Amino acid sequence: MVSTYILYTSYASDMSKSLQRVSSEPSVENDTKYFEDNIGQVKSVDDFLNNTRLFSYAMKAYGLEDMAYAKAFMKKVLTSDISTSDSLSKSFVGKLTDPRFLTFAKAFQFSTDGSVAQQPVTAQDTDDQTDLINLYTQQQVNLGAKAADDAAYYQANIGNVHSVDDLISNKRLLNYALTAYGLDPNITSDTTIKAVLTSDLSDPSSRANQLPAPYQALAEAFSFAPDGTVDGDAAQSSGQIANTVYQYYDANGTGSSAPGAAFKTQYYKNAIANVTSVDDLLGNARLVSYLETSFGLDPSEQSTALLRNVLTSDLSDPDSFANQQSNAAYRKLAAAFNFNTDGTINGGAAQSDDQLNDTVDDFSANNDAAVQKYQTTEINFYKTDIAKIGSVSDFIKDTGLYDFVLSAFGIDPSKTSSLTIEKVLESDTSNPSSFANMSHNATYAKLAAAFNFDSDGNAKTASVAQVNASLTSTIQLYNEQADDPTAQNAQTAADDTYYGNTIGTIKTVDDFLKDKRLVSFVLDAYGLQKSNLTDDDLRKLLTSDPLDPSSYVNKPENSAYRQMALAFNFDSDGNRLPTPTQQVQSRGQIVATTDLYARQTLEEEAGDQDEGARLALYFQRFAPTITSAYSILGDKALLQVAQTALALPTAMSDADIDVQAKMITDKLDLDDLKDPDKLNKFLARFSALYDINNSDVTTTNPALAILGVAS
């Protein structure tokens, strides 16, 4: 007869090979394939319970095969609310003392009503939304910088224009001027522009006067004779150049940008110095606009007459117009200028240096606040609307959202067809042949990657590096490794928070590997800090398909890393995978179940030959989870092993539970169970003593020699 020790070690010496052998047995292989192929079809707890083959497989995997008959009981287990510690304590499964039931409940994702929760679809993942908002904010800065560059070019080169043909031949200069005066360079012809620029505006029948007002404004901004030559010293005076640049900033939407605001301030300073009366000031719409911003006045509520009355008020007179207004901004405006009641200047200038500086400071502050408010409004609108989008079609129909997103990527909606954008958003960026990638337009590829649509244009579930169950499990394991299961220590809590907040931003395996704090957290959680795993090792493990028996992570030599690899959700290219739309088990939970099934089968096979070997293998499996003597006392099989190995009488069970716990800890250091060598010695002692108590093989039992037990 083979001794318990020899049989136990024949399995345990190379557990991964033993499990691989069991998994390849035809019956196990067929049952496992059925489970993997069909568990995804389960949409309710009744579906699961009514599929006897699926249910029995799972029950055996979690050591509950003897309870397979109790479907009503197991339904209550599976539909228990275990979402929080509070709800768990009140739930049905939370009141059961056998931990196997809670482990079983955690392995599935049933709602309390028995349904499998439908995962919400999202047009854009949260971290992609954050990236897009940052991109939008940066794009506003970039647009301002480009406008400043265009303005510098225009100011530096317009002096080189000596004829209308010079201007028309320099498309950058011409397009700048056309944009400034509200004309689209893409639809205006050179012939028309030449006729406009050489028009005599005093002639009602001239070409410019026959066209809409923007053409007349363009003609007025230049000084060309009818023959196209410059009429005077230059094509534009300094004032005309300044007006054109001012117009351009407003026309392309960068008037409030930092460069636009700076130009307007310089314009204001130059122009205010030449103001000789209140009428000079009010006759310049750009100066009035600057003051409205400086003093926080709503342009729609102002009029020339109102502002003239304010600016010519005598603030020492309580009955003056400004003093009679409820809006204090009017009094502040009047105090910022030196106008007499008749509109003339009282002194040498409309504003003193201090008054000018205060006006400029107020403009800067109010302009920045207005920009921030506008961007915040746009961003909030974007956040609200993107949450409503269920398809590419929905996205394109929402013109405000559509324009916001395209502007963030620097795409002009007026120059890019919505059909092109539709094809881009339906592209799979991981496919080199997709429309976005084949376009060879990096912006299109980035746009496609920022959204979450399938090839039919429908929004998908969020892609995540870890599903919620795996995230929670990883944090719990980390805390246990830190000897701080409830994260009472400030450092543990900080580490948990960092991990929980950061893992959701990870898009690829390489993103993960770059964050050494995340990597260290995971290695600590799974007890692999001393494994000397390189980035290349981790990349191979995390991109390996756990459902493929021949994959890297499933090689016997990598068995120690499987639990960690199963906690992540990356594809073979290192990209995170979408959460299944409606799945009762995650990929990791499926593999964990099939692993447990193979292990249960292995233990059963060992038990068919020797019950002691089965008990030893069972104890070996659960040893890492033993946190106290009560863990042993609560499990009949664990207790039998402990009583045998420690030579404790079975009658101890009649004693007080605390006394029983002390009897165990007096003879066993529970920390030894976490040391593989000490655990193996403990189980060798159990095997030897089990044989002494249950068979006649003591004279040939090798464990006796190892432990020094006399035969």
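The values are calculated or read from the model by the stated rules, or taken from the named source; none is laboratory data. Everything numeric here is computed off the predicted structure, so don't read it as measured data. Ideal geometry is used to build each Cβ from the backbone, glycine not excepted, and the neighbour counts take in all protein chains shown. When the accessible area is computed, the model is the full protein with side chains, heavy atoms only, and any ligands, DNA or RNA have been set aside. Shrake-Rupley method; radii C 1.70, N 1.55, O 1.52, S 1.80 Å.
A few remarks follow.
- Put simply, of K75, K60 the only residue that is of a type in the set (K, R), open to solvent by less than 30 Å² (accessible area, probe 1.4 Å) and within 21 Å of T103 (Cα to Cα) is K60.
- Within the stretch 536-580, being within 19 Å of G504 (Cβ to Cβ) and in contact with a strand residue (DSSP E or B) (Cβ under 8 Å, 6 or more places away or on another chain) holds for L542, N569, F570, D571, G574, N575, R576, L577, P578, T579, P580.
- Qualifying residue in the stretch 161-171 (condition: touching a residue at least 40 places away in the same chain (Cβ under 8 Å), aliphatic (A, V, I, L, M) and within 26 Å of K415 (Cβ to Cβ)): yes
- Among the candidates I664, I657, residue that is open to solvent by 20 Å² or more (accessible area, probe 1.4 Å), touching a Leu at 6+ places or on another chain (Cβ under 9 Å) and either among the hydrophobic types (A, V, I, L, M, F, W, C) or on the phi > 0 side of the Ramachandran plot (or both): I657
- When T650 is tested against (1) of a type in the set (V, I, T); (2) open to solvent by less than 20 Å² (accessible area, probe 1.4 Å); (3) over 27 Å from S544 (Cβ atoms), only condition (2) is not met.
- Members of the stretch 454-502 that are part of a loop (DSSP other than H, G, I, E, B) and either in contact with a Cys (Cβ under 6 Å, 6 or more places away or on another chain) or among the polar types (S, T, N, Q) (or both): S455, Q466, T486, Q488, N489
- Residue count for the stretch 246-279, restricted to those that are surrounded by fewer than 16 Cβ atoms within 10 Å (Cβ to Cβ) and part of a helix (DSSP H, G or I): 5.
- Applying the criterion of being among the β-branched types (V, I, T) and either open to solvent by 30 Å² or more (accessible area, probe 1.4 Å) or farther than 28 Å from Q216 by Cβ (or both) to the residues of the stretch 136-184, the residue that is nearest to the chain's Cα centre (by Cα) is T137.
- Qualifying residues in the stretch 331-356 (those that are aliphatic (A, V, I, L, M) and in contact with a Ser or Thr (Cβ under 7 Å, 6 or more places away or on another chain)) - the one surrounded by the most Cβ atoms within 10 Å (Cβ to Cβ): A334
- Considering residues of the stretch 24-54 that are farther than 19 Å from L78 by Cα and not in a helix (DSSP H, G or I) only, the residue least open to solvent (accessible area, probe 1.4 Å): E25
- Which numbered condition D361 fails, given (1) open to solvent by 50 Å² or more (accessible area, probe 1.4 Å); (2) over 20 Å from T293 (Cβ atoms): (2)
- Restricting attention to the stretch 40-63, the residues that are under 29 Å from D635 (Cα atoms) and modelled with pLDDT under 95 total 1.
- The stretch 94-118, subset open to solvent by less than 60 Å² (accessible area, probe 1.4 Å) and either farther than 30 Å from Y630 by Cα or free of Cβ contacts under 8 Å to residues at least 12 places away in the same chain (or both), residue farthest from the chain's Cα centre (by Cα): G114
- If you go through the stretch 119-134 and keep only what is under 17 Å from L406 (Cα atoms) and either open to solvent by less than 60 Å² (accessible area, probe 1.4 Å) or more than 15 Å from the chain's Cα centre (by Cα) (or both), you end up with A123, Q124, D128, Q129, L132, I133.
- Residue in the stretch 179-193 that is farther than 26 Å from A387 by Cβ, among the aliphatic types (A, V, I, L, M) and touching an Asp or Glu at 6+ places or on another chain (Cβ under 9 Å) present: yes
- Residue match in the stretch 688-695 (condition: modelled with pLDDT under 95, farther than 19 Å from L615 by Cβ and either in contact with a Ser or Thr (Cβ under 9 Å, 6 or more places away or on another chain) or part of a loop (DSSP other than H, G, I, E, B) (or both)): no
- When residues of the stretch 290-316 are limited to those that are in contact (Cβ under 8 Å) with a residue 24 or more places away in the chain and small (G, A, S), the one farthest from S256 (Cα to Cα): S313
- Among the criteria (1) touching a Ser or Thr at 6+ places or on another chain (Cβ under 8 Å); (2) of a type in the set (A, V, I, L, M, F, W, C); (3) under 16 Å from T192 (Cβ atoms), the one L218 does not fulfil is (1).
- Of the residues making up the stretch 603-616, those that are assigned to a helix (DSSP H, G or I) and surrounded by 23 or more Cβ atoms within 10 Å (Cβ to Cβ) are A606, G612, A613, L615, A616.
- Filtering the stretch 485-520 to residues that are open to solvent by 30 Å² or more (accessible area, probe 1.4 Å), β-branched (V, I, T) and over 27 Å from D545 (Cα atoms) leaves T486, T497.
- In the stretch 524-558, the residue that is modelled with the lowest pLDDT out of those that are hydrophobic (A, V, I, L, M, F, W, C) and not in a loop (DSSP other than H, G, I, E, B) is V553.
- Counting only helices (runs of 4 or more DSSP H) wholly contained in the stretch 108-213, the ones carrying 2 or more residues that are over 29 Å from P226 (Cβ atoms) occupy 126-157.
- Looking at A365, A350, A334, just one residue is in a loop (DSSP other than H, G, I, E, B) and either aliphatic (A, V, I, L, M) or in contact with a Leu (Cβ under 7 Å, 6 or more places away or on another chain) (or both), and that residue is A350.
- Residues in the stretch 280-328 that are assigned to a helix (DSSP H, G or I) and among the hydroxyl-bearing types (S, T, Y): S289, Y290, T293, S294, S300, T304.
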